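Worksheet for the structure shown next.
Please treat every number below as a calculation from the coordinates, not as lab data. In this text, all values refer to a predicted model and were calculated from it rather than measured experimentally. Using ideal geometry, Cβ is built from the backbone for each residue, glycine included, and neighbour counts are taken over all protein chains shown.
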Amino acid sequence: MRANISILRLAIIAIIAAPGPIWAQVAGEGSVSLPFGSVAPGAALQDLEGNSVDLIDYIKGKPALIEFWASWCEQCDVLQPQLDRIQAEHGEEIKIVAVAVGVAQSLRRVKRHFEDHNPGYPFLYDARGAAVRAYNAQTTSIVVMLDSDGKVAYTGVGTSQDLVGAAQELLRR
């Protein structure tokens, strides 16, 4: 019994003394998609005109934010004001790309949404799930931020993400 209590105390101390990324995982950030520090992969997608493009061409050279998005995703709607703010305040410093997942939405529907709500950054269509697989994005509202070297610096999912704070932190590096 005493050994179990000692082990529990050590585990609590280890958690308290843990570095930032472990705390981020406890908060739901860093626990989805790709591991921190991994190099962002490319993925064969379509632009809104139906042309074949590679995601890597849209995210290289600067810090980047990729959101896995769908027109029917309520959590994505909740995140939109943060993305709008990042685009307005830091659009020259950080590239934002919305990857429209090919689940229950067509390219035409994505294009119509983009035309009605043009946020000032590109939407790319993932008809075959290439980016979803490459980034292990198993749901919508997943956000991946990359540093200027193209390495994963942030991942998160859902409406509790502080994307503005994460983007500001990324740009301070």
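Taking packing as the residue-averaged number of other Cβ atoms within 10 angstrom, the listed peptides 57-64, 93-100 run from highest to lowest as 93-100, 57-64. Of all DSSP beta bridges located in the range 67-173, what percent are antiparallel, nearest 5? The antiparallel proportion sits near 50 percent. Within a straight-line Cα-Cα reach of under 18 Å, Lys60 can be paired with the following lysines, leaving aside sequence neighbours fewer than 8 residues apart in one chain: Lys95, Lys151. Set against the 2.2 N^0.38 Å expectation for a compact globular protein, the range 80-154 has a Cα radius of gyration ratio of 1.14.
Given 0.36 nm per residue, what is the gain on full extension from Asn136 to Arg173 after removing their alpha carbon distance, in nm?
On the way: separation 37, 0.36 × 37 = 13.32 nm, distance 2.54 nm.
That works out to 10.8 nm of additional length.
The ranking of Phe114, Phe123, Phe36, Phe68 by Cβ neighbour count inside 10 Å, starting from the fewest, reads Phe36, Phe114, Phe123, Phe68. Once both labels are positioned 7 Å from their Cα atoms along Cα-to-Cβ, the gap between Ala127 and Ser52 label points is 1.1 nm.
With one equal scatterer per alpha carbon and no solvent term, the Debye-computed log10 I(q)/I(0) for the range 23-172 at 0.10 1/Å reads -0.29. Computed 3J(HN,Hα) for the range 166-171, one whole-Hz value per residue from the Karplus formula 6.51 cos²θ - 1.76 cosθ + 1.60 where θ = phi - 60°, is 5, 5, 5, 5, 4, 6, glycine and proline marked x. For the range 26-108, divide the Cα radius of gyration by the Kirkwood radius and give the resulting Rg/Rh value with two decimals. That ratio equals 0.95. What does the extension gain come out to for Ser38 and Thr159, with contour length at 0.36 nm per residue minus their alpha carbon separation? Stretched fully, the Ser38-Thr159 segment lengthens by 41.1 nm.
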